[in-house]
Amino acid sequence: MKAVFLDASPTLARVTKRLRQGSDMPITINEDPDITPDQIPAVTGDADVVWIDHTSLPTDIARQCLNLRHVIFLGTGARSYMDLEALADIGIEVHIIKGYGDTAVAECAFGLMWAAAKGFAGMDRGVREGGWPRTDGLQLTGKTLGLVGFGGIGEEMARLGLGVGMRVIAWNRTPKTYPGVEFLPLETILEQSHVVSLHLLLNDETRGFISKERIAAMRDDAILVNTARGAVIDEAAMIEALQTGKLGHAALDVFDVEPLPAGHALTTLDNVTLSAHSAFRTPEASDNLIEFALNHGRRLSKAA
């Protein structure tokens, strides 16, 4: 078996070269993170396995990769980039990687929450423009942090929230327990939380999960934090709530369309803090991610 890393960023290319062992399956690293879907068949060649970081793999393109049997997607959000069931129908299995960046993503969510509560982004812009926009911030100690989804990232976010004296409440689709966290119905989470932080996988059930109705159920002036996937929120409803003041602030690392287009409505609002889908980007998470991908490859080699 042999593999191709289709869209390696400079960082992930370096990490792959450093961590790959001589006994691992051969892997060709395409150091062009901006590869387009129509280029995939030529780059894949006769490889059995492709690694994908962020490139869409349409099913009709995958059909042209005649030897392809496995996709190792570097993360959990493969459904944003490919149709897993359609690929399975043509004999291609998609493997995802969980848990590699739980701490990194939670720290990003926590940082976005803090920046939104204190108004750092707006003050930064104002000071750089020569102003002195001193604004009142929200004191987070003693406030309620509501977590929607409670996997590994949710657990890490709970640990951080509890550590600074917040009341942490959570909802998960399956029963969970965690010391110090109250698990409550979703409606209660939305009604009581000063900060709502999303930690859901994207699938058919969660697409548009934070709907116009659920945003309306939130506290006035709540902060909404999203480091999951942009599509778990009804973006148009969120923008309307931000414009009317129903929603106090949105702190976002992920969006419906990425990169976020120039002039997008979210870039025009003062009550929005933006980052560029970078929550998982730390050296520790990158090492974990590539090691997990290599381990997938080792298992596939043994099974072949």
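The values are calculated or read from the model by the stated rules, or taken from the named source; none is laboratory data. These numbers come from a predicted model, not from an experiment. Using ideal geometry, Cβ is built from the backbone for each residue, glycine included, and neighbour counts are taken over all protein chains shown.
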Among the residues of region 279-286, are any modelled with pLDDT under 95, loosely packed, with under 14 Cβ neighbours inside 10 Å and not in a helix (DSSP H, G or I)? no
What number of residues within region 177-193 are surrounded by fewer than 16 Cβ atoms within 10 Å (Cβ to Cβ), more than 27 Å from Lys212 (Cβ to Cβ) and of a type outside the set (Gly, Ala, Ser)? 2
Hey, among Gly111, Gly146, Gly137, which residue is assigned to a helix (DSSP H, G or I), among the small types (Gly, Ala, Ser) and not assigned by TED's automatic domain parsing to the domain that holds Thr16? Gly111
Taking Asp124, is it of a type in the set (Asp, Glu) and more than 23 Å from the chain's Cα centre (by Cα)? yes
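For (1) surrounded by fewer than 16 Cβ atoms within 10 Å (Cβ to Cβ); (2) in contact (Cβ under 8 Å) with a residue 24 or more places away in the chain; (3) of a type in the set (Lys, Arg); (4) within 15 Å of Ala293 (Cα to Cα), each residue gets a yes or a no:
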site	(1), (2), (3), (4)
Asp7	no, yes, no, yes
Ala13	no, no, no, yes
Arg20	no, yes, yes, yes
Ile29	no, yes, no, yes
Asp34	yes, yes, no, no
Pro41	yes, yes, no, no
Helices (runs of 4 or more DSSP H) enclosed by region 151-258 - at least 3 residues per element that are more than 20 Å from Leu140 (Cα to Cα): 212-217, 235-244
Any chance Ser80 is among the small types (Gly, Ala, Ser), assigned by TED's automatic domain parsing to the domain that holds His296 and at pLDDT 95 or above: no
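A quick yes/no check of all residues on (1) without any contact (Cβ under 8 Å) to a residue 12 or more places away in the chain; (2) in contact with a Ser or Thr (Cβ under 9 Å, 6 or more places away or on another chain); (3) closer than 20 Å to Ala116 by Cβ:
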position: Thr144; (1), (2), (3): no, yes, yes
position: Glu155; (1), (2), (3): no, no, no
position: Gly161; (1), (2), (3): no, yes, yes
position: Gly165; (1), (2), (3): no, yes, yes
position: Trp171; (1), (2), (3): no, yes, no
position: Val181; (1), (2), (3): no, no, no
position: Leu186; (1), (2), (3): no, no, no
Exactly one of Arg219, Arg159, Arg167 is surrounded by fewer than 19 Cβ atoms within 10 Å (Cβ to Cβ) and either closer than 22 Å to Thr76 by Cβ or not assigned by TED's automatic domain parsing to the domain that holds Lys118 (or both), and that residue is Arg159
Candidates Gly245, Gly230, filtered to the one that is out of contact with any helix residue (DSSP H, G or I) (no Cβ under 8 Å at 6 or more places or on another chain), over 17 Å from Gly154 (Cβ atoms), buried (at least 16 other Cβ atoms within 10 Å of the Cβ) and not charged (D, E, K, R): Gly230
Subset of region 220-247 that is among the acidic types (Asp, Glu), under 20 Å from Gly146 (Cα atoms) and out of contact with any strand residue (DSSP E or B) (no Cβ under 6 Å at 6 or more places or on another chain) - its residue that is modelled with the lowest pLDDT: Asp220
Being crowded, with 16+ Cβ neighbours inside 10 Å, polar (S, T, N, Q) and in the same structural domain as Gly248 (by TED's automatic domain parsing) is true for just one of Ser211, Ser197. Which residue is that? Ser197
Got a number for residues in region 116-150 being surrounded by fewer than 19 Cβ atoms within 10 Å (Cβ to Cβ) and either touching a Phe, Trp or Tyr at 6+ places or on another chain (Cβ under 7 Å) or of a type in the set (Gly, Ala, Ser) (or both)? 6
Does Thr268 satisfy the criteria of being modelled with pLDDT of 95 or more, within 28 Å of Leu74 (Cβ to Cβ), outside the structural domain of Tyr81 (by TED's automatic domain parsing) and of a type in the set (Ser, Thr, Tyr)? no
